[in-house]
1. If the reach is capped at under 20 angstrom between alpha carbons, list the aspartates and glutamates near residue A:574, excluding any in the same chain fewer than eight residues apart.
2. Just by accessible area at a 1.4 angstrom probe, what is the order of B:485, A:256, B:187 from largest to smallest?
3. Any chance you could give the angle, 0 to 90 degrees and rounded to 10, that helix A:424-437 forms with the longest Cα principal axis of chain A?
4. Principal axes first, then extents: for the Cα atoms of the range B:120-221, list largest minus smallest coordinate on each axis, whole Å, largest first.
5. From other protein chains only, count the Cβ atoms within 10 Å of every residue's Cβ in B:126-137, then give the mean.
6. Roll a 1.4 Å probe over the protein chains and send me the accessible area per residue for the protein assembly as shown in Å².
7. When the accessible area of the range A:111-245 is computed with all protein chains present and a 1.4 Å probe, what percentage of it is carbon and sulfur?
8. Just add up the charged neighbours of residue B:194: K/R +1, D/E -1, any other residue whose Cβ is under 9 Å from the Cβ of residue B:194.
Amino acid sequence: MHKKRRLTSAPALSILAILAIGGTMWTESELRQVDSSAEAFKIVSDDGAEFELSDNSALPNDLKAAVYRYISQSNGDAFTSSGLQGFAEYAQSGPETQKSVRIYLGRVLASKKRFDEAKLILSAFSAKERQRLGASFAFAETLKGLGETDAAGAAYYAHISQNPSHQAGHINYAILLSDLNRHQEAIEVLERAVEITSGDRKGKSYSLLGIAHMALGDHKAAESALEQSIRFRPGHGPTWRRLAIARAHLENFSQTEIISTFQRSDAVAPGNASTKQAFSNYYFSVGRFDDALPLYSDVSKIAPEKIQEIIQRAYNLIASERPSAARRLLKKIKTQRVSGLEKQQVKILDTVLNGSQAQALKLLEKLDSRATSGATKFGIILASLKVGDFDNAQSLAQDFDENSIFVGPSKFKIARGLHRAGRDADALALLEELVAKDSQSPIYWLYLSRVRSALKKPQDALRAAERAYALYPESGHIAIGYSEALSMVGVRARAAEILFTYLEMKPKDRRALSALADFYIAEDNFDRAEQLLKIVHELQADNSRVVKDLARVQLRADRAAVAIQTLGKIIAQKPADTEARLMRARALERLGDTKAAMSEYETILKLDAENEAAKTELHRIGG
Amino acid sequence: MKNMIVIFARSVVKPGVLLCVAAAALLTMHFRQSPQLLSELKAETLYDFTMTMSFDGQNSDLFVETFLPKSDGRQEIIRETIRSAELQFDDRADSNGRLGVWTGSKSSDIKYHSTIALQPLSFDLDPSLSVPASRADTQVYLQATQGIQVDHDEITELWNQIAPSQANHLVPVLQSIYFYINEEIETAPFTGYTDAITALRLQQASCNGKGRLFVALARKNGIPARLVGGIILEDGSKRTSHQWVEVLVQDHWIPIDPTNGHFAFLPANYLKLYVGDKALFTHTPNINFDFRFTIDQQQTASALFRFEENDQSFRSLNAAELMKLTGLNEKLIGVFLMFPLAALITVFLRNVIGLKTFGIFMPMLVAAACIQTGLFTGLAVFGGVVAFAFLGEVWLGKLNLLKIPRLASIITLVTILFIVLLFYVGRETSFEFGVLALFPVVIISFLAERIHKMASERDFVGILNSGTGTLITISCCFAGFSSVTLQGLFALLPELLLVVLALQIVIGQWTGMRLIEYFRFRKILCNGPVVGINQRNLDLVNRLNSTELLSIATDKIETKRRLRLAGVPVANDLAVCRTHQDINKMMDIIRRQNGFAMKPNYGSQGNGILIITGQDERGFIDSNGDVVNSIDISRHACEILAGSYSQDGGEDAVLVEPLLRQHPALNALADFGLSDIRLILKQGSIEAAMLRVPTSMSDGKANLHQGATGLAINIDTGRVTHASQKGRAINSHPDTGAQLIGFQVPYWSEIQEIAKLSTEAVPLGYIGVDICIDAVRGPLVLEVNGRPGIEIQNVQGRGLFQDVQTSELQYA
């Protein structure tokens, strides 16, 4: 009888509620399931030496067991043949089998890194016998393990000569040769290794070959070998990294290609500090300091103890014009334990960031720049720039190896210093050289634009600024630089548009707001300029420059009374600010209060008796 | 078609529908801007970690140092507080950890608390990894130390025994060490320092000894390794910290815990505090230093504490982030966000299911408080406190206190109980007693008062019903409050509150029968439409009765004035007492009376009515036969004046009427108490009528729910057609045995007239008129009721209205 409202009756609603509760409870149980496992972070091998199980002997198992028993009972005593006599299996064997047993003992000891004992056993045999009984590789490993590298090299050589198809022997010999800086020989061995290996091992051989070529500076051959390696091991991150590094040294690869290779390396082995370090160093070397920032930050997260990398990160911050962030980082470095060389670098960094010119000079006197690392040298260049010693900076910059990551950044810092010192012609040459080589660096283009502007080449400056803006429109420096360049050639509307676009992204950027205010001043739109400057003033109330700009705008807008109030705030904070007082005096004059203006001029002269402007004005009024 | 458009237009303009449409639009916008939004609903375990330290100062320069949690890629400190009274606190972080230092000259308790989110950490090590080559920057992790005797002969000997065949392969080397220490070294509860050699010699060690032995063996193999100290976060209170190790592989520190069997894996509940072979605490000697860790883990919606920084757009709008501005923590924000939903649950349970609860939103508040304690602990504590308050109420009742001071006394007693509890067990347990403050003591006091009253009326079924309803409501609200799904949803999609609001409005307009009413009226459901309480309230009371008239109906003095003016017979007023000054005059009057009824003017449901049946030399005799003296009567009057029985708790007046003696015809049915007749009128027309006859079960009161018999009256004839007691059909009176069916109500036509006249005097559209038949004066109106109950339907064995169409009522 209750058909009419059955769907909204209490039983129906209760069933609906039960269903809703059931659904929520099911979702709840799903969401609450604790995932106690974590996604495993994969750490792959980075082409170390090859190892082989020594248990490939044809010896009967009872004899092998006797060897293991003997080893476990030895307690570090020297092994002797007589010691093995205690084992019936050994004692009852023939002389040839006993030799095999002793060889086996030596191999097992070598595999357990008990090299002293292994050497004792194995050196009792002649090279031929070791070869015949299959212990030449173990002997070479033993000598290498004991640090007898020359002897180990000879032993490896003997081993591979007799075993021309032994893969591990070739690889380990090549690694030893590389460790001994005998890269050419390593290459020859590895070329053979490539021939005899297959699959993953072939990839590794190619990779090692690439490393050896790189060590010899033959990046083309290295790139070719590494590319071959990738064919066999497409998921091996370190090889991709090396390939990217090799390509970075070759001119026939574009930045895009190099970056994509680095990205691939990062993708196949995420979280690898070496890869991120190499990638960030690459960005640093080509002047893409902003792109390097997050990568350096990742390196610090993965390996926070690596001081050298943190110092490099600080240099990148300095290069990207973030001295405050660099100072914060320096504070962090100072809490870490550092080695002797690192201590020196921290000292240089501290002087560059926090020291006075005198301190920088003192430091430079103490430092010997000739025998220093790239990073230290870069630090010295920065210190030299701090004291205005451009010659020293330039001479140090020329000392860098051509493949050093500091070449470009050093030249950039010098160019920037020259520009600030008014030596724009010198700066121009350096910057043009830089952009010719690293055309993707937005900051290089930005400074080129600034230098060209200073040299009164507005069209050229605009072209450079356009390039910078195209590369990195999110940067406030660049947006403002581009806007200034546009204003210089009279394209004011576009200049304002650029600033508006940027302010949409960062509406509280003080520099952009000030730049936009300048634009309105130039347009005689003082009200709008004043509005903007007031926003800036709210953001940076203690910045007297902003307050003065605001007062200046107010004066230009014939609002002298307001300007006097504005200036009063600065003078209340800094009573000795003669510039503000001068502005106030002129504002008073404009209001017709000559007496107060004269009093202000007199105050200025009390503070600074040599103030020409005050003298002139006072003379004018008095006259 | 036209009709459909009209129906559609009507449904669209309903506020509930409009709100749902608005919510749907906002939800669509939200999801279009952020399609992955729901993936943020996942629950995360948050650990509340408290470290308490205490010491005796002896007035010297004191210091206490300990490592404090520090955020890194795996662990994140959501919030922390440090309390250390007059001690100076400073912290400094370096590569070893974050060191907290307290200095001062006075002893003090130090309490560090933080809420931490932790992730498990796992590494998959390539089996072909080789033992790393020595590097200058890792030398420090390869060196021998006093407790990590890398170059000791016994370490060498051990390694010779356990070295794997591939001793240059990193993973086999680490596994050999790990399995040896995990399986061969017995775990012992050593509390002191155990170096590597001691662990080896004893073949027993605690975590620190095992860790040192591991590090020694790893370093011996050229693998950079270090000890790590921290705490395993498990619910409860403890004093043990833990140490495990880390080995450096390709710039990653790989965790290994040989004590608890974790290789290249760190469970989520491992809180890392420091690295290196260090002591967790360092302090001034001889200061009786003591410490304790307390941990409480709770799953929380990640949306309550993980916010997208620097994004103020609608896409990333998060209500919880905004609520952070209030300074509340995640738990309370979650509770706060759920209040509207808990209110909806309460409304649903009351208005759709029909549960009765003690207080309307009291269960919701109790459920919110239970979030801090857990449901069962919270309910146990709450039950205990209510029981204590009830006993206090009983005791204070014996002291014959006025109601308001009595309630105030209960509040004080409950507060004293908290303090006593804190004194005895507050320091000994991890339980946060502070949360008990959330149990509103005022509500508890009122609750105790109400339970006391129900108990004194022997309404144990009512207590059971309301108690069960309260428990169910608390549990449902608790489920809502503690749901991470719902908390996450409301934080990420605050527009869902519009849906909640819409549902609340829809329930507010819903006139269907409550689920429990299907049971209550189960015997008459087939006899035509039945009016439920929702329908009564919405379609009858709200629609037909103005608020002004309803308030007049609750004012007995004013009602009687209006009835008298309309010529309706009502009981005489012996005295009306509006102020305390009137009490003496009233007492003079009532001393001259043989019997009288004292009523609160704004009372309801018989509350506060004192019936005096006579006087003797001992004093007044009440309806139970007990002696009541003048002081008791004047105190009762004072209570009435103070508003103890008024419906809104405001000031009241005392109304004294002569004791009515019922008509002899009614005495034939039951010669005790006062029977009355309830007539229900709708817009002046009598719709239903019943005679309520007291029984011994109802304690002489004509109250149906207390067990009085209800007799349905044929409106045309005035004859009883049907009788029931507590929903059970009866034919004769349960006490007197008098035949009920067919009983002719005396003065029936006069009674009908009086009822109709009453609706003219107090023109309520829907009204219940209660009439008694006095032995001398005949029918007298006792009171009019603007919200008459619906139990009359069970009495008459059919719905309230015969003709549904004309009554404009709808089916349930």
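The values are calculated or read from the model by the stated rules, or taken from the named source; none is laboratory data. Just so you know, these numbers come straight off a predicted model, no measurement behind them. Here the Cβ positions follow ideal geometry from the backbone for every residue, glycine too, while neighbour counts run over all protein chains shown. The protein model used for the area step is the full one, side chains on, heavy atoms only, and it has no ligands, DNA or RNA in it. Shrake-Rupley method; radii C 1.70, N 1.55, O 1.52, S 1.80 Å.
1. A:538, A:542, A:549, A:600, A:602, A:608, A:610
2. Values: B:485 10, A:256 105, B:187 80 Å².
So the residues, ranked largest to smallest area, are A:256, B:187, B:485.
3. Helix A:424-437 and the main axis of chain A meet at about 40 degrees.
4. Over the range B:120-221, Cα extents along the principal axes are 37, 32, 27 Å.
5. 4
6. Numbers: 65200 Å² over 1435 residues.
Value returned for the protein assembly as shown: 45 Å² of accessible area per residue.
7. 50 percent
8. Around residue B:194, the surrounding residues sum to +1.
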